[in-house]
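Student: I am attaching a structure below and will ask some questions about it afterwards.
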Amino acid sequence: RTEFALKEIMTSGAAEDDIPQAERKTVTDFCYLLDKSKQLFNGLRDLPQYGQKQWQSYFGRTFDVYTKLWKFQQQHRQVLDNRYGLKRWQIGEIASKIGQLYYHYYLRTSETSYLNEAFSFYSAIRQRSYYSQVNKEDRPELVVKKLRYYARFIVVCLLLNKMDVVKDLVKELSDEIEDYTHRFNTEDQVEWNLVLQEVAAFIEADPVMVLNDDNTIVITSNRLSETGAPLLEQGMIVGQLALADALIIGNCNNQVKFSELTIDMFRMLQALEREPMNLASQMNKPGMQESTEKPARRENPHKYLLYKPTFSQLYTFLAASFKELPANSVLLIYLSATGVFPSGRSDSEGPYDFGGVLTNSNRDIINGDAIHKRNQSYKEMHCLHPGDLYPFTRKPLFIIVDSSNSVAYKNFTNLFGQPLVCLLSPTAYPKALQDQSQRGSLFTLFLNNPLMAFLFVSGLSSMRRGLWEKCQDYLRKINRDIAQLLTHSRSIDQSFLQFFGDEFLRLLLTRFIFCSATMRMHKIFRETRNYPESYPQLPRDETVENPHLQKHILELASILDVRNVFLENTLDDY
């Protein structure tokens with residue numbers, strides 16, 4: 001590459017001898033840094049996706065080289081323009097790679113501040129029009145680089161809830177795709193149009209709009225804020241466990257998705273993150289923080305996002321999480337997947353006899369061969385049965401199952417005496433409730449944005465900002481009261497209390513109880529399968545059917561003028 005650059009310079013009219021030594025060295029150094037950066041960046045693909053420590057030093061080296069490269073091209077832009085022929089799209093490529101580095105660092109650390117850094121590099125590319133000249137060159141592969149940059153930028157904006165920017169980017173991407181397919185008769189036109197359709201559906205997945213007075217949409221964030229989880233009060237005796245790791249698994253065929261994130265996965269990952277801080281105030285560079293500097297607050301739990309994993313992939317990631325789980329920590333497993341029901345009648349009632357959930361849809365393919373007429377007595381290969389998780393109950397385990405066969409996980413056994421809780425979705429929703437399954441599960445929506453879910457089941461599709469904020473305040477009061485109910489209960493299983501010391505798990509548990517109580521009071525949720533369940537079971541009269549909590553739910557319904565949707569004397573109906 002270096003020789004090629006210098007030969008190009010010679011053929012562009014200047015003899016090699018005419019080029020000052022310093023300028024030649026500048027070009028040589030730039031080519032070296034460029035090659036080194038590409039080599040390191042490509043090597044990122046070979047790093048194991050699981051395990052938290054092996055990759056950090058490699059990422060650090062890659063960041064170092066890209067930082068040098070970025071500063072180098074800024075300091076020597078004129079020489080590089082004249083002698084190397086540096087084009088603006090090449091600068092855009094470097095910035096885009098740095099944006100990707102920050103994004104992948106976020107994926108590996110779950111630290112939302114790195115998303116802000118990715119956003120700032122991607123934004124700079126757009127503001128400075130680095131890719132604007134690409135369309136003038138007769139090279140389709142360069143245009144594809146530009147399209148990919150747009151797709152990556154959109155993912156980062158979605159994760160940061162910058163929906164107004166997403167809408168602008170989608171419009172620009174749509175124009176770019178049209179231009180690309182018009183100029184080059186390519187075969188990937190269908191794929192790029194599918195990208196547009198997916199992101200459009202993703203933006204519209206929320207069933208309720210919150211509106212400003214001028215009818216613009218309010219962007220609501222569902223990450224954990226300072227006032228998010230109910231505070232622990234004096235006299236509340238809870239465990240000291242901390243949520244350290246989470247596996248978020250998605251395999252719902254008909255659900256809205258973008259990139260490799262279903263809407264359920266997207267909502268759950270936000271429920272396990274704090275609001276992003278500005279990275280500049282925290283540290284200088286990923287992996288470079290001095291051990292003496294303590295972050296101002298606890299980090300986010302580490303997450304693995306697994307879209308349609310095979311059983312072997314899932315077990316590998318599970319085992320890695322389990323192995324690296326620190327002392328006094330919790331592993332969370334979230335499953336949003338199609339239910340697999342037991343085939344035939346079984347004489348036994350073991351942990352493999354109730355079915356489970358399907359984590360990968362290519363379920364009839366083993367070693368590449370489709371299996372026909374499988375013997376009914378065999379179990380489904382890609383089904384995750386409750387029994388598959390038994391080995392991991394040797395450490396504190398918190399499981400959330402959102403599936404049409406979530407109840408399979410009710411038949412759990414706590415073999416090792418470690419804290420263990422399963423929160424299980426309803427297995428069916430009332431027919432009268434408009435089918436929203438494509439736009440995400442109602443149960444997961446309750447865990448991510450309980451007020452939006454409450455409005456949806458109450459038949460509301462839009463709301464003024466002032467009323468929304470008033471209801472959010474009231475919901476915080478309800479959460480505080482649920483925390484009191486849980487911690488003061490005399491008959492609750494200790495597992496719930498052992499998890500209750502962690503902010504994220506505390507919020508999930510209070511939202512779960514709010515969800516369950518709301519559905520039990522709702523006039524159209526009348527079958528047992530319409531209600532969430534848990535293992536171990538919660539004492540109903542002290543939690544999900546507590547009269548004090550029911551009164552609060554009716555009060556919230558009154559604020560929204562939807563009290564007629566709920567039963568007044570719920571306890572009398574049982």
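The values are calculated or read from the model by the stated rules, or taken from the named source; none is laboratory data. Fair warning: this is a prediction, and the values are worked out from it, not measured in the lab. When we count neighbours, we look across all protein chains shown, and the Cβ atoms used for this are built from the backbone with ideal geometry, even at glycine. What goes into the accessible areas is simple: the full protein's heavy atoms, side chains included, and nothing from ligands, DNA or RNA. Shrake-Rupley method; radii C 1.70, N 1.55, O 1.52, S 1.80 Å.
Student: Hey, any hits in the stretch 363-384 for a residue that's open to solvent by less than 20 Å² (accessible area, probe 1.4 Å), touching a strand residue (DSSP E or B) at 6+ places or on another chain (Cβ under 8 Å) and at pLDDT 90 or above?
Tutor: Within the stretch 363-384, one or more residues are open to solvent by less than 20 Å² (accessible area, probe 1.4 Å), touching a strand residue (DSSP E or B) at 6+ places or on another chain (Cβ under 8 Å) and at pLDDT 90 or above.
Student: With a cut-off of at least 3 residues that are touching a helix residue (DSSP H, G or I) at 6+ places or on another chain (Cβ under 8 Å) and among the aromatic types (Phe, Trp, Tyr), name the helices (runs of 4 or more DSSP H) lying wholly within the stretch 457-574.
Tutor: Output list reads 503-521.
Student: Among the residues of the stretch 208-215, is any more than 30 Å from Gln472 (Cβ to Cβ), touching a residue at least 40 places away in the same chain (Cβ under 8 Å), within 27 Å of the chain's Cα centre (by Cα) and in a loop (DSSP other than H, G, I, E, B)?
Tutor: no
Student: Looking at Asn300, is it closer than 21 Å to Ser406 by Cβ, at pLDDT 75 or above and assigned to a loop (DSSP other than H, G, I, E, B)?
Tutor: No.
Student: Just checking, does the stretch 476-486 include any residue being surrounded by fewer than 15 Cβ atoms within 10 Å (Cβ to Cβ) and without any contact (Cβ under 8 Å) to a residue 12 or more places away in the chain?
Tutor: No; the residues of the stretch 476-486 include none that is surrounded by fewer than 15 Cβ atoms within 10 Å (Cβ to Cβ) and without any contact (Cβ under 8 Å) to a residue 12 or more places away in the chain.
Student: Another question about this same structure. Would a scan of the stretch 514-529 turn up a residue that is surrounded by fewer than 19 Cβ atoms within 10 Å (Cβ to Cβ), on the phi < 0 side of the Ramachandran plot and without any contact (Cβ under 8 Å) to a residue 60 or more places away in the chain?
Tutor: yes
Student: I've got another one for you. Just checking, how many residues over the stretch 67-108 are under 20 Å from Val155 (Cβ atoms) and either hydrophobic (A, V, I, L, M, F, W, C) or over 24 Å from the mean Cα position of the chain (by Cα) (or both)?
Tutor: The qualifying residues number 7.
Student: Something else: Could you tell me whether any residue of the stretch 316-332 is within 27 Å of Gln436 (Cα to Cα) and either modelled with pLDDT under 90 or in a loop (DSSP other than H, G, I, E, B) (or both)?
Tutor: Scanning the stretch 316-332 turns up no residue that is within 27 Å of Gln436 (Cα to Cα) and either modelled with pLDDT under 90 or in a loop (DSSP other than H, G, I, E, B) (or both).
Student: From the list Ser174, Ser129, which residue is at pLDDT below 95 and over 27 Å from Gln74 (Cα atoms)?
Tutor: Among Ser174, Ser129, only Ser174 is at pLDDT below 95 and over 27 Å from Gln74 (Cα atoms).
Student: So, one more: Tell me, please, whether a residue that is loosely packed, with under 15 Cβ neighbours inside 10 Å and under 22 Å from the mean Cα position of the chain (by Cα) can be found in the stretch 232-254.
Tutor: yes
Student: For the stretch 95-122, how many residues meet the condition of being surrounded by fewer than 23 Cβ atoms within 10 Å (Cβ to Cβ) and among the β-branched types (Val, Ile, Thr)?
Tutor: Here the count works out to 2.
Student: Just give me the residues in the stretch 219-269 being among the β-branched types (Val, Ile, Thr) and not in a strand (DSSP E or B), in sequence order.
Tutor: Matches in the stretch 219-269: Ile219, Thr220, Thr227, Ile237, Val238, Val256, Ile263.
Student: Residues in the stretch 387-396: is at least one under 30 Å from Phe500 (Cβ atoms), of a type in the set (A, V, I, L, M, F, W, C) and assigned by the TED database to the domain that holds Leu335?
Tutor: yes
Student: Continuing with the same structure: Quick check on my filter: what residues within the stretch 123-146 are assigned to a helix (DSSP H, G or I) and either open to solvent by 50 Å² or more (accessible area, probe 1.4 Å) or within 24 Å of Leu47 (Cα to Cα) (or both)?
Tutor: Arg126, Gln127, Lys136, Glu141, Lys145
Student: Answer yes if at least one residue in the stretch 45-52 is of a type outside the set (D, E, K, R), assigned to a helix (DSSP H, G or I), touching a helix residue (DSSP H, G or I) at 6+ places or on another chain (Cβ under 6 Å) and more than 19 Å from Leu160 (Cα to Cα), and no otherwise.
Tutor: No, because not a single residue in the stretch 45-52 is of a type outside the set (D, E, K, R), assigned to a helix (DSSP H, G or I), touching a helix residue (DSSP H, G or I) at 6+ places or on another chain (Cβ under 6 Å) and more than 19 Å from Leu160 (Cα to Cα).
Student: For a quick check of your reading of the model, give me the residue pairs whose first member lies in the stretch 58-69 and is hydroxyl-bearing (Ser, Thr, Tyr), whose second is surrounded by 20 or more Cβ atoms within 10 Å (Cβ to Cβ), with beta-carbon atoms closer than 6 Å and at least 6 apart or on different chains.
Tutor: Going by the 6 Å Cβ cut-off, the qualifying pairs are Tyr66/Ser37; Tyr66/Ile98.
Student: Could you list all residues from the stretch 204-218 that are open to solvent by 80 Å² or more (accessible area, probe 1.4 Å) and either under 17 Å from Val165 (Cα atoms) or among the basic types (Lys, Arg) (or both)?
Tutor: Within the stretch 204-218, just Glu204 meets the criteria.
Student: Would you mind stating whether Ser489 is buried (at least 22 other Cβ atoms within 10 Å of the Cβ) and either among the acidic types (Asp, Glu) or in the same structural domain as Cys422 (by the TED database) (or both)?
Tutor: It is false that Ser489 is buried (at least 22 other Cβ atoms within 10 Å of the Cβ) and either among the acidic types (Asp, Glu) or in the same structural domain as Cys422 (by the TED database) (or both).
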